Amino acid sequence: MNIVLLKSRSDNAPIIVQQKQILKYAHHHDLKIDTTEIENSDPTLELEERKEFKGFLRSLSKHDHVIIFDLLTFSNNVEELVKVFECLLKRSISVHIADVNVCIHVESKPLVLLELLVKQRELNKKLDKEKAQGRPKGRMSKSKFDAYRPQIIEFLENRTSISEIAKILQVSRTSLKDYVNSRGLKELVKAKINLLQSTHKQPLITTKSNVAKECSLIKQPTDHIEGIHHEL
């Protein structure tokens, strides 16, 4: 199963950039995209608190392939990235990083992943320095609509108008429109659809025996899996 994971971001990697690079990578390596996931959890939280992302990890099966734009799709914290890769590699899940044209799998040389983590640590130091000097990167403020984000994305995927969504959620149409535009949700949904249409999709076949349980991040069966939209 080849799964693309997209994430709406406020840095220099908008959805259209992620989409183009992932498509380029997939075509170059002859990867057929089976499904696309949209991850919406707050990246400032620790992984143990990101129920949505843990739900995504739990949904993966042994030998799946996850395709991401860059490491920031998972987290910008090196310690958290180590946890993610430990969780994935323990289950023989491969990670394709389109931006650097690298695939990390269980048989990869440790140095390959180590170099990526070192580069991320250096980038984090640079960003911390800029923040200390008064030039922090912009970050979206929280919104009351964040709680409705998964539903809004699902409505947009079904081509429901902003007016109709506002009526269903019983919220202001103008405020909802501003939220959708500021978060780039229409672009996110469009990219998801384009990625799925660009390659031939295979049927999803998941068996319980393929889902490993060794990862500590996915051991809590009481966590509610929410916010991940699975497109078959």
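Tabulated results
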| read-out | value |
| --- | --- |
| Residues satisfying the stated conditions in the stretch 104-122, i.e. in contact with a helix residue (DSSP H, G or I) (Cβ under 9 Å, 6 or more places away or on another chain) and within 20 Å of Ile22 (Cβ to Cβ) | Ile104, His105, Ser108, Leu113, Leu116, Lys119, Gln120 |
| Residue list for the stretch 107-131, restricted to those being modelled with pLDDT under 85 and open to solvent by 90 Å² or more (accessible area, probe 1.4 Å) | Lys125, Lys126, Asp128, Lys129, Lys131 |
| Conditions (1) touching a helix residue (DSSP H, G or I) at 6+ places or on another chain (Cβ under 7 Å); (2) β-branched (Val, Ile, Thr); (3) surrounded by fewer than 20 Cβ atoms within 10 Å (Cβ to Cβ): number failed by Val17 | (1) |
| When residues of the stretch 1-32 are limited to those that are in a loop (DSSP other than H, G, I, E, B) and within 15 Å of the chain's Cα centre (by Cα), the one nearest to Gly55 (Cα to Cα) | Lys7 |
| Residue ID - modelled with the lowest pLDDT, chosen from residues in the stretch 187-216 that are outside any helix (DSSP H, G or I), in contact with a strand residue (DSSP E or B) (Cβ under 9 Å, 6 or more places away or on another chain) and open to solvent by 30 Å² or more (accessible area, probe 1.4 Å) | Leu204 |
| Qualifying position, being in contact with a strand residue (DSSP E or B) (Cβ under 6 Å, 6 or more places away or on another chain), modelled with pLDDT of 85 or more and buried (at least 19 other Cβ atoms within 10 Å of the Cβ), among Ile38, Ile33 | Ile33 |
| Qualifying residues in the stretch 51-61 (those that are out of contact with any Lys or Arg (no Cβ under 8 Å at 6 or more places or on another chain) and either under 14 Å from Phe85 (Cα atoms) or at pLDDT below 85 (or both)) - the one surrounded by the fewest Cβ atoms within 10 Å (Cβ to Cβ) | Lys51 |
| Of the criteria (1) touching a His at 6+ places or on another chain (Cβ under 7 Å); (2) part of a helix (DSSP H, G or I); (3) small (Gly, Ala, Ser), which one Gly55 fails | (1) |
| Total residues in the stretch 92-114, condition under 23 Å from Lys7 (Cα atoms) and either of a type in the set (D, E, K, R) or touching a Leu at 6+ places or on another chain (Cβ under 9 Å) (or both) | 12 |
| In the stretch 62-72, the residues that are open to solvent by less than 40 Å² (accessible area, probe 1.4 Å) and either among the acidic types (Asp, Glu) or modelled with pLDDT under 90 (or both) | Asp64, Asp70 |
| The stretch 158-186, residues that are under 19 Å from Asn40 (Cβ atoms) and surrounded by fewer than 17 Cβ atoms within 10 Å (Cβ to Cβ) | Asn158, Thr160, Ile168, Leu169, Val171, Ser175, Lys177, Asp178, Asn181, Ser182, Lys186 |
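The values are calculated or read from the model by the stated rules, or taken from the named source; none is laboratory data. The structure presented is a predicted model; accordingly, all values stated were derived computationally and were not measured. In this analysis, Cβ positions are derived from the backbone assuming ideal geometry, glycine residues included, and neighbour counts consider all displayed protein chains. We work out accessible area using only protein heavy atoms, side chains counted, and drop any ligands, DNA or RNA first. Shrake-Rupley method; radii C 1.70, N 1.55, O 1.52, S 1.80 Å.
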